[in-house]
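I have placed the structure first, in the form of structure tokens, so that the comments after it can refer back to it.
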Amino acid sequence: MSERQSLKEYLKQYSQADASAWHAAGAIGAIAKACIQISYITADGALSASAGAACGTNAGGDVQKELDVRADAIIRSALTEAHVAILASEEADGPQTIDPSSRIGVAFDPLDGSSNIEVNMAVGTIFSIVPVPDDLRRTFRQSGTAQIAAGFVVYGPQTSLVLTLGKGVDIFALDRADGEFKLIRRNVRIPPDTAEFAINLSNRRHWDPVVRVFIDQCLAGEEGVLGKDFNMRWIGSLVAEAYRILTRGGLFLYPADARAGYSDGRLRLLYEAHPIAFIIEQAGGAASTGRARILDLAADTVHQRTPLIMGASDDVRFVENLYASPEPNDRAKAPLFAHRGFFRV
Ligand code: F6P
Ligand code: MN
């Protein structure tokens, strides 16, 4: 793998564009280094203390594992050394100001999918880099379109880094021979339609009628209006689902539902939906709440949640059209939406 471009070389080229690119490149390099450390800890599993043990609750009310807290400390300390104005993390109540002279802020989910730690499944780290506006306190109140860069790392059989700097999506793999990320795929693209969906089906009875109608149509397969048989996956780590969609296509849904606390779904806008949506759009896919484009939303609070429907652009538009319909049940059956209808060519 030695002839492949390293992340360091790649970031060096990018950093020369302007001051915020220089600051963003420094932050990405620092996060990548921190993630290599986290990747060794996750790979050690139970050998590395009690990484899967619960140790509290975070600001958003989720159970916190020891590894969540360690990953947060590792990334926070790496970013404190880099040139970053302000940080927001899933594991902290509010933002932390570091160096107001910097041009960038970083929002991050230190360990995504942490319920998968002790079962030896892929987990990850997600980050979003935004410019600092005139008022530093408004850094994390900008819409997702303001992002300069976004990325995520998957700690799976391979440790992979998926990155966008706003000009497509590139993927790096950790080369364990020299402890460096190396470029393995340039400009990945998501096919516009798919026959694979991901949703936590156990929540079906809580979903709103639109999502129920849509998934029921997927389950109807060839005999349904979508006219094809679907495959289903649910990993329980957003990073792993996003990685699968980037490599072989698909559709992911974490909708709002009727359970207490799920009226805006489960995922967090700032450090989950915004960066993942930026990456998915940069790869030619789409990301929506069903009613609005994720990147057009701005957060009022750091831990704000949002429904997320993302992946194959035609299928995301299909679900949006169902949401726009007063009678989704009838609409899903209407010829316009049927296989080879106006919206399904
Ligand atoms: O960060 C939240 C998260 O762990 C995501 O990675 C994942 O997509 C989701 O929660 C899984 O939620 P559930 O356990 O409700 O299926
Ligand atoms: Mn998460």
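Projected over every direction and averaged, the convex hull enclosing the alpha-carbon atoms of the stretch 196-343 yields 8.5 nm². Roughly how many percent of the accessible protein surface of the stretch 25-84 is carbon and sulfur, given a 1.4 Å probe and a whole-percent answer? Whole-percent figure for carbon plus sulfur exposure: 57. According to the Cα-based calculation, Rg over Rh for the stretch 40-101 is 1.04, with Rh computed by the Kirkwood formula. The Cα atoms of the stretch 122-267 define a convex hull whose projected area, averaged across directions, is 11.4 nm². The alpha-carbon of LYS33 sits under 26 angstrom from the alpha-carbons of these lysines, leaving out residues fewer than 8 places away in its chain: LYS8, LYS12, LYS65, LYS167, LYS182.
Shape call for the stretch 7-185 from the C-alpha gyration tensor, a ≥ b ≥ c root eigenvalues: rounded (a/c under 1.5), prolate (a/b greater than b/c) or oblate? The shape class here is oblate. Measuring nothing but protein heavy atoms, the accessible surface of the stretch 196-343 at 1.4 Å probe radius is 49 percent carbon and sulfur. Per residue, the solvent-accessible area of the chain (1.4 Å probe, heavy atoms of protein chains only, all protein chains present) comes to 42 Å². As an equivalent ellipsoid, the chain spans semi-axes of 33, 21, 21 angstrom, where each value is the square root of five times an eigenvalue of the C-alpha gyration tensor, largest first.
The values are calculated or read from the model by the stated rules, or taken from the named source; none is laboratory data. The structure presented is a predicted model; accordingly, all values stated were derived computationally and were not measured. We work out accessible area using only protein heavy atoms, side chains counted, and drop any ligands, DNA or RNA first. Shrake-Rupley method; radii C 1.70, N 1.55, O 1.52, S 1.80 Å.
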